[in-house]
Amino acid sequence: MRIFAYEYSAARGHTMGRRRPVTNLLALAVLTAVVQRPMHPYEMASVLRARGKDQDMPIKWGSLYTVVRNLHKHGLLEEVESRREGGRPERTVYRITEAGRREAADWTRELLSEPAREPTAFEAGLSVMGGLGPDEVGPLLRRRLERLEEQIEADRRALEAERAELPRLFLVESEYALAMREAQAAWVRALVEELEGGTFPGLDEWRTYHRTGELPDGSADVAARGAPDG
């Protein structure tokens with residue numbers, strides 16, 4: 001959790017859609033952590049893990065030091081001091097700059113206001129499911145639905161427990177994730193009902209295509225979009 005909101009100043013303005021000097025979402029997570037207090041990279045990683053940032057966004061922890069160096073290179077972080085504790089390697093402590101605060105605020109505004117196309121692995125599977133027969137796809141989707149329902153129930157319990165301890169401001173991304181999972185489950189449930197009930201349009205043609213590789217009425221070009229190569 002938990003990217004904090006930034007106060008908006010109309011005098012500053014903002015730069016939606018501009019090319020950012022550091023585009024890794026881990027960079028935004030770092031900036032929103034360091035805004036609280038100066039930290040060295042090891043501490044940044046500990047704070048981000050404690051907030052569950054790796055659940056909110058794709059994070060490659062091995063690239064943390066590279067991201068921090070790039071933020072420093074572009075003037076979004078600055079060195080405060082270097083510390084050596086016992087026999088450990090020297091650690092450089094960084095703090096956010098004013099440019100870093102503006103960058104984090106602009107980036108947050110962009111993420112909140114600009115819809116982005118974010119294809120999922122499930123969408124990729126749907127795009128090629130024509131390569132399988134409908135009598136196989138139905139049970140596969142039902143299995144997915146069962147797992148989604150289990151995840152939804154677990155998410156609801158976790159969210160209810162968190163609501164007793166945290167303000168809603170720090171739970172909105174969990175609410176969103178639950179809503180998206182519930183929406184996916186509803187859509188998959190409807191599709192499964194069509195497949196199992198025989199009301200999916202073109203079901204017989206799909207079976208024929210799966211069996212013979214051909215569709216009537218010159219539809220092979222359309223079906224080929226969903227068939228895996230080879």
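Worth pointing out:
- Of all the criteria given as (1) out of contact with any Gly (no Cβ under 8 Å at 6 or more places or on another chain); (2) closer than 26 Å to ASP204 by Cα, the one not satisfied by ASP155 is (2).
- Test result for GLU118, acidic (Asp, Glu), farther than 20 Å from TYR65 by Cβ and either open to solvent by less than 70 Å² (accessible area, probe 1.4 Å) or at pLDDT 90 or above (or both): no
- Conditions (1) more than 24 Å from LEU112 (Cα to Cα); (2) open to solvent by 50 Å² or more (accessible area, probe 1.4 Å); (3) modelled with pLDDT under 95; number of the one not met by SER219: (2)
- For the condition in contact with a helix residue (DSSP H, G or I) (Cβ under 8 Å, 6 or more places away or on another chain) and more than 26 Å from ASP56 (Cβ to Cβ), GLY100 does not qualify.
- Counting only residues that are assigned to a helix (DSSP H, G or I) and open to solvent by 40 Å² or more (accessible area, probe 1.4 Å), the stretch 155-178 holds 15 of them.
- Answer from ALA105, ALA116 - the residue that is out of contact with any helix residue (DSSP H, G or I) (no Cβ under 8 Å at 6 or more places or on another chain), in a helix (DSSP H, G or I) and over 30 Å from ARG207 (Cα atoms): ALA105
- Filtered residues of the stretch 49-70 (kept if hydrophobic (A, V, I, L, M, F, W, C) and surrounded by 22 or more Cβ atoms within 10 Å (Cβ to Cβ)): VAL67, VAL68
- Number of the exception - GLU98 against (1) open to solvent by 80 Å² or more (accessible area, probe 1.4 Å); (2) closer than 30 Å to VAL192 by Cβ; (3) without any contact (Cβ under 8 Å) to a residue 12 or more places away in the chain: (2)
- Among the residues of the stretch 161-180, those that are more than 14 Å from ARG51 (Cβ to Cβ) and small (Gly, Ala, Ser) comprise ALA161, ALA164, ALA177, ALA179.
- Unmet criterion (only one of (1) farther than 25 Å from PRO58 by Cβ; (2) open to solvent by less than 60 Å² (accessible area, probe 1.4 Å); (3) in contact with a Leu (Cβ under 9 Å, 6 or more places away or on another chain)) for VAL188: (1)
- Scope the stretch 177-206; condition within 31 Å of the chain's Cα centre (by Cα), closer than 17 Å to GLY133 by Cβ and among the aliphatic types (A, V, I, L, M); matching residues: LEU191, VAL192, LEU195
- ASP135 vs. criteria touching a His at 6+ places or on another chain (Cβ under 9 Å) and open to solvent by 50 Å² or more (accessible area, probe 1.4 Å): yes
- For the stretch 1-84, no helices (runs of 4 or more DSSP H) sit wholly inside it while including 1 or more residues that are under 16 Å from ILE96 (Cα atoms), at pLDDT below 85 and touching a Ser or Thr at 6+ places or on another chain (Cβ under 6 Å).
- Residue check for GLU146: open to solvent by 50 Å² or more (accessible area, probe 1.4 Å) and closer than 30 Å to LEU111 by Cβ: no
The values are calculated or read from the model by the stated rules, or taken from the named source; none is laboratory data. Small disclaimer: the values here were computed from a predicted structure and weren't measured. We place every Cβ from the backbone using ideal geometry, glycine too, and count neighbours over all the protein chains shown. The accessibility values were calculated without ligands, DNA or RNA, using every heavy atom of the protein model including side chains. Shrake-Rupley method; radii C 1.70, N 1.55, O 1.52, S 1.80 Å.
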